[in-house]
Amino acid sequence: MNFREIVAVFGVTAATPLLAGTVAAQAAPPPAAAAAQVQVTAGAAVYGPQGNPVGTVEKVDGGNAVINTGKHSAAVPVSALGQNEKGLLVSMTREQLDAAVEAAEAKAAGNLDQALVVGAAVRSADGAPMGKIGAVSAEGLVTVQRETGSFALRKDSFTADASGVALKMTAAQINAALARQQQAAAATPAPAQP
């Protein structure tokens, strides 16, 4: 539920329902010929423009390499990576990548605050309509109203993008969690009446 990866975009804008923000690179991706030869595997070291360590590839997810800097994880398109005898290369230093992730997170948080308004439509991570925002508390709880009843989740369970407000869970995950909650409530005996 705590999706923390930020997509770093090197000359291309990527959009996903779970995208908390985008990070613009300061340099163009390597030429296509160089990118085609790059071998990216989990555990590979990644170096910056001056050869200093940037981080390590945590995993390869689709066309992205998730780079862990020790402070943040950022999904970087494999096409934005180069390679030399030392290892993988990216056009940003560790500090620049961390700063870009932090800037994207701050922007995403501001966008989310603006999007979480009463009446706004809410969809799941897989695009299914989930209801409308009924309330947002000062404590950060967001109530979603739907025909079958309402539910409340912490604000960090939501994201906002150009399509509006989305949960960081699929419809199946939400419905399963709500079903478990209803089963637990039904199994709990009512307090004795005096």
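Values for this structure:
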| item | result |
| --- | --- |
| Number of positions in the range 144-168 that are assigned to a strand (DSSP E or B) and either loosely packed, with under 15 Cβ neighbours inside 10 Å or more than 21 Å from the chain's Cα centre (by Cα) (or both) | 8 |
| Meets criteria (in contact (Cβ under 8 Å) with a residue 60 or more places away in the chain, of a type outside the set (Gly, Ala, Ser), out of contact with any Pro (no Cβ under 9 Å at 6 or more places or on another chain) and within 30 Å of Thr56 (Cα to Cα)) for Asp156 | yes |
| From the options Ala99, Ala106, Ala125, Ala138, residue that is at pLDDT below 95, in a loop (DSSP other than H, G, I, E, B), among the hydrophobic types (A, V, I, L, M, F, W, C) and out of contact with any strand residue (DSSP E or B) (no Cβ under 8 Å at 6 or more places or on another chain) | Ala138 |
| Flag if Gly140 is exposed (fewer than 15 other Cβ atoms within 10 Å of the Cβ) and touching a residue at least 40 places away in the same chain (Cβ under 8 Å) | no |
| Given (1) in contact with a strand residue (DSSP E or B) (Cβ under 8 Å, 6 or more places away or on another chain); (2) exposed (fewer than 13 other Cβ atoms within 10 Å of the Cβ); (3) part of a loop (DSSP other than H, G, I, E, B), number of the condition Met92 does not satisfy | (2) |
| The listed residue being more than 15 Å from the chain's Cα centre (by Cα), outside the structural domain of Gly127 (by TED's automatic domain parsing) and at pLDDT 70 or above, out of Gly87, Gly11 | Gly87 |
| Condition met for Gly131 (at pLDDT 90 or above and either assigned to a helix (DSSP H, G or I) or touching a strand residue (DSSP E or B) at 6+ places or on another chain (Cβ under 6 Å) (or both)) | yes |
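To keep it simple, each residue is scored yes or no on (1) surrounded by fewer than 18 Cβ atoms within 10 Å (Cβ to Cβ); (2) of a type in the set (Val, Ile, Thr).
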{"position": "Ala74", "(1), (2)": "no, no"}
{"position": "Pro77", "(1), (2)": "no, no"}
{"position": "Asn84", "(1), (2)": "yes, no"}
{"position": "Glu102", "(1), (2)": "yes, no"}
{"position": "Gly110", "(1), (2)": "yes, no"}
{"position": "Ala115", "(1), (2)": "yes, no"}
{"position": "Val118", "(1), (2)": "yes, yes"}
{"position": "Ala121", "(1), (2)": "yes, no"}
{"position": "Gly127", "(1), (2)": "yes, no"}
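For (1) of a type outside the set (Val, Ile, Thr); (2) within 20 Å of Asp156 (Cα to Cα); (3) touching a helix residue (DSSP H, G or I) at 6+ places or on another chain (Cβ under 9 Å), each residue gets a yes or a no:
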{"position": "Val60", "(1), (2), (3)": "no, no, yes"}
{"position": "Glu85", "(1), (2), (3)": "yes, no, no"}
{"position": "Gly110", "(1), (2), (3)": "yes, yes, no"}
{"position": "Leu116", "(1), (2), (3)": "yes, yes, yes"}
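The values are calculated or read from the model by the stated rules, or taken from the named source; none is laboratory data. Keep in mind that this is a model prediction, so the values were computed, not measured. Using ideal geometry, Cβ is built from the backbone for each residue, glycine included, and neighbour counts are taken over all protein chains shown.
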